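Chemist: Please see the structure below; I have some questions.
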Amino acid sequence: MTLIRSLWPWTPDFGSRPIEVEGEQTAAVFLNRSEAEVVEAARLLAADLPLAQGTRVGWFMADEVLADDTIGGLLLYVDDGQTRMAQRFLRDQAGALTVHFELLVLESLLQGQRLTRTALRNAAVVYDHLGVARCRAYANFDIGGYAWAKLGACPENPARVRAELKDRLDQAGDAFTPYEREMLRRLIDAASAQTLMRDLASAVGADDKPLGRPLLIGYSWSASWDLQDVAQRRRVTEALS
C-alpha cells in the first residue's frame, strides 16, 4: 500500500527498480513521520535516477553551518560516482519545514525528458506529504537558470534579478534585434515578481524564435516556490503536465 498520496493531478511514480534506503530512523525523528513513510519518501525522491546497481540513498543529519547561520538540517543524499543528488530539509524557528533542492544529472534531468517529470512530480507529492512550506534552489549550473524559470519559480530578490537580467540583455551583442531587446526589457520591467521568470522563459519572437531561453541559460539566481500558494501551484502543474 502506498503511504504517500498525491494532492497534484498525477500519482507517485516509484520508477523501474527498487531503491535501498538507509538512515530512516534519523529522518523519522526529524520529520516527525514513521520510518516507513520516510523510506517511501526517499524512494520517490530518487526514483528513476540513473544509479549504479546496489547504490543506497541515505538520510543523515548534516552538521555544517550554512551561509545564513542555519545548522545543516537533514540531508537526503546519494552519490554513485556518476549521479549525485542532495535535498536538505530545514526547520525555521517557528518549526516550519523548508527544503533546499539540488539535483545533478543535469543534461538528462533538466531538459523536459521523462526523468525530469518523474523527479519533479514526485518531489511535489512528497513535499506536500511532509508538510514542506517552501522549496528553494540555487540555479548555478549551465541550464538551471532556465529550467527553474520554466518550472514557475520566483526569484528571492526580484529587484536584483531584474537589474542583472537587463545587464545581460545589454551585453548580449547581436543575439537580439533592437525590437527583441526592447520587448524583453519591457517584459522584465512589467512582469510581476511571481511570474517574471516563467514569463521570460516562455518569451518568443517572430517565427517562434526563443528569446528568454538564451538570456537565462547560464544565469545564476536564487529560486523559490511557495507550496501553499495556489497560483504558484498552478504554474508548477502547468509546467509538469
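The values are calculated or read from the model by the stated rules, or taken from the named source; none is laboratory data. Computed from a predicted model, the values in this text were never measured in an experiment. No Cβ is skipped: glycine too gets one built from the backbone with ideal geometry, and neighbour counts run over all protein chains shown. Side chains included, ligands, DNA and RNA excluded: accessible areas come from the protein's heavy atoms. Shrake-Rupley method; radii C 1.70, N 1.55, O 1.52, S 1.80 Å.
Chemist: At 7 Å along the Cα-to-beta-carbon direction for both L3 and Q25, put a label point, then send me their distance in nm to one decimal.
Modeler: 1.6 nm
Chemist: To continue, here is another question. Can you compute the charge dipole magnitude of segment 145-241 about its Cα centre, using +1 on each Lys and Arg Cβ and -1 on each Asp and Glu Cβ, nothing else charged? Give it in debye, rounded to the nearest 20.
Modeler: That gives a dipole near 160 debye.
Chemist: Related question: Determine the sum of side-chain charges near L44: Lys and Arg each +1, Asp and Glu each -1, restricted to other residues whose C-beta is under 11 angstrom from that of L44.
Modeler: Local charge sum for L44: -2.
Chemist: For segment 164-238, calculate the relative contact order in percent as a whole number, restricting contacts to Cα pairs under 8 Å that are 6 or more residues apart.
Modeler: 21 percent
Chemist: Using only Cα atoms, what Kirkwood radius does segment 166-216 have, in angstroms?
Modeler: After inverting the mean inverse Cα-Cα distance, the result is 10.9 Å.
Chemist: At a threshold of 8 angstrom on Cα-Cα distance, excluding pairs fewer than six apart, so keeping six or more, what relative contact order does segment 195-241 reach in percent?
Modeler: RCO, segment 195-241: 19 percent.
Chemist: Over the chain, with a Gaussian network built from C-alpha contacts below 10 Å, which listed residue (R186, R198, R121) shows the highest mean-square fluctuation?
Modeler: R186
Chemist: How much net charge surrounds T2 when only the other residues with a Cβ under 15 Å from the Cβ of T2 are counted, with Lys and Arg +1 and Asp and Glu -1?
Modeler: Net local charge, T2 excluded: 0.
Chemist: What is the percent of Cα-Cα separations in segment 1-54 that go past 18 Å?
Modeler: In whole percent, the share of Cα-Cα pairs in segment 1-54 beyond 18 Å is 36.
Chemist: Let me ask you something else. Could you grab the relative contact order for the chain? Cα pairs under 8 Å, six or more apart, rounded to a whole percent.
Modeler: 18 percent
Chemist: For S34, what is the net charge nearby, where nearby means another residue's Cβ is under 11 Å from its Cβ and Lys, Arg count +1, Asp, Glu -1?
Modeler: Cβ neighbours under 11 Å give a net charge of -3.
Chemist: Give me the percent of the accessible area of the chain that comes from carbon and sulfur atoms, probe 1.4 Å, all protein chains in place.
Modeler: 48 percent
Chemist: Right, something else. Using only the Cα atoms of the chain, what semi-axes does the equivalent ellipsoid have when each is the square root of 5 times a gyration tensor eigenvalue? Give whole Å, largest first.
Modeler: Those come to 34, 19, 17 Å.
Chemist: Using the heavy atoms of the protein chains alone and a 1.4 angstrom probe, what is the accessible area of the chain per residue in square angstrom?
Modeler: For the chain, the solvent-accessible area averages 50 Å² per residue.
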